[in-house]
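A.B. asks: Have a look at this one before I ask anything.
The values are calculated or read from the model by the stated rules, or taken from the named source; none is laboratory data. If you're wondering where the values come from, they're calculated on a predicted model, not measured in any experiment. Neighbour counts are summed over all protein chains in view; Cβ atoms, including those assigned to glycine, are modelled from backbone coordinates with ideal geometry.
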Amino acid sequence: MMPLAGHTPIHGRWSQHHRPTATGTQTGRCTISRPGSGDGTTDDDDVWHPPEAAVVYQGPCRVTPQPADSRYVVSGDQRVTTRGYEVAIEWDAAEVREHDNIHIDTAHDPRLAGVDLRVTDVRMASEQWERVLIAEQDLTDLEAS
């Protein structure tokens, strides 16, 4: 079926109309921060402290696992194990970038609350209901314990 000439089957405000529904499915809460820039500081005991991270988003989110199992990559001379997730946040959130950090503040699954992820990709789409981020969890330290 073809739309009439000069018409579109998707209304111009389709995205705006569906955003509240998308946000309603974001039942977790997360904080996204950007690593600080600069040299950091050294305290009186000569201990170095990295620069403060800046919070770029704090609000509802939906976290779903990527279909693939955990994967192994070699970084330097160390094997690193990661697991992928898709994280959806509100459409009008501030810009999120690759390498930003996501902390899952609350989630219905108690094992997910408190998990830290790193953004590896920011997805774009023609319909704008929510911001979709691809992130990974570093499982290396969890394997050692």
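A.B. asks: When only residues in segment 99-112 that are touching a residue at least 24 places away in the same chain (Cβ under 8 Å) and assigned to a loop (DSSP other than H, G, I, E, B) count, which is surrounded by the most Cβ atoms within 10 Å (Cβ to Cβ)?
C.D. replies: 100
A.B. asks: So residue 96 fits all but one of (1) modelled with pLDDT of 95 or more; (2) assigned to a strand (DSSP E or B); what number is the exception?
C.D. replies: (2)
A.B. asks: Related question: Say we look at segment 72-93 and pick out the residues that are aromatic (Phe, Trp, Tyr) and modelled with pLDDT under 90; which of these is nearest to residue 131 (Cα to Cα)? Explain how you work it out, then say what you get.
C.D. replies: We begin by selecting, within segment 72-93, every residue aromatic (Phe, Trp, Tyr); these are 72, 85, 91.
Next cut, modelled with pLDDT under 90 only: 72, 91.
Working: 72: 27, 91: 5 Å.
Result: 91.
A.B. asks: Of all residues in segment 50-71, count the ones that are outside any loop (DSSP other than H, G, I, E, B) and modelled with pLDDT of 85 or more. First the steps, then the outcome.
C.D. replies: First pass over segment 50-71, keeping only residues outside any loop (DSSP other than H, G, I, E, B): 54-65, 71.
With modelled with pLDDT of 85 or more added as a condition, the list becomes 54-65.
Residues flagged as outside any loop (DSSP other than H, G, I, E, B) and modelled with pLDDT of 85 or more within segment 50-71 amount to 12.
A.B. asks: Hey, any hits in segment 70-83 for a residue that's closer than 16 Å to residue 123 by Cα and either among the basic types (Lys, Arg) or crowded, with 16+ Cβ neighbours inside 10 Å (or both)? Lay out the reasoning, then the answer.
C.D. replies: Kept after step one, since they are closer than 16 Å to residue 123 by Cα, are these residues of segment 70-83: none.
Taking every residue of segment 70-83 in turn, none turns out to be closer than 16 Å to residue 123 by Cα and either among the basic types (Lys, Arg) or crowded, with 16+ Cβ neighbours inside 10 Å (or both).
A.B. asks: Oh, and also: Go over the candidates 105, 43 one by one and state the one that is of a type outside the set (Phe, Trp, Tyr) and out of contact with any Cys (no Cβ under 9 Å at 6 or more places or on another chain).
C.D. replies: Details: 105 fails: out of contact with any Cys (no Cβ under 9 Å at 6 or more places or on another chain).
It is 43.
A.B. asks: Among the residues of segment 22-42, which ones are touching a strand residue (DSSP E or B) at 6+ places or on another chain (Cβ under 8 Å), of a type in the set (S, T, N, Q) and in contact (Cβ under 8 Å) with a residue 12 or more places away in the chain? Break it down into steps so the answer makes sense when it comes.
C.D. replies: Let us first name the residues in segment 22-42 that are touching a strand residue (DSSP E or B) at 6+ places or on another chain (Cβ under 8 Å), namely 22-23, 25-36, 40-42.
Adding the requirement that they be of a type in the set (S, T, N, Q) leaves 23, 25-27, 31, 33, 41-42.
Answer for segment 22-42, where residues must be touching a strand residue (DSSP E or B) at 6+ places or on another chain (Cβ under 8 Å), of a type in the set (S, T, N, Q) and in contact (Cβ under 8 Å) with a residue 12 or more places away in the chain: 23, 25, 26, 27, 31, 33.
A.B. asks: Among the listed residues 53, 88, which satisfies the condition of being surrounded by 11 or more Cβ atoms within 10 Å (Cβ to Cβ) and touching a residue at least 60 places away in the same chain (Cβ under 8 Å)?
C.D. replies: Numbers: 53 fails: touching a residue at least 60 places away in the same chain (Cβ under 8 Å).
When all the criteria are applied, what remains is 88.
A.B. asks: Considering each residue of segment 119-131, count those that are in a strand (DSSP E or B) and crowded, with 16+ Cβ neighbours inside 10 Å, and give that number.
C.D. replies: First pass over segment 119-131, keeping only residues in a strand (DSSP E or B): 119-123, 130-131.
Filter again for crowded, with 16+ Cβ neighbours inside 10 Å, leaving 119, 130-131.
So the count comes out to 3.
A.B. asks: Can you tell me how many residues in segment 20-41 are of a type outside the set (Gly, Ala, Ser), at pLDDT below 85 and within 24 Å of residue 101 (Cα to Cα)?
C.D. replies: We begin by selecting, within segment 20-41, every residue of a type outside the set (Gly, Ala, Ser); these are 20-21, 23, 25-27, 29-32, 34-35, 39, 41.
With at pLDDT below 85 added as a condition, the list becomes 20-21, 23, 25-26, 39, 41.
When the remaining residues are screened for being within 24 Å of residue 101 (Cα to Cα), the result is 23, 25-26, 39, 41.
Summing the residues that are of a type outside the set (Gly, Ala, Ser), at pLDDT below 85 and within 24 Å of residue 101 (Cα to Cα) in segment 20-41 gives 5.
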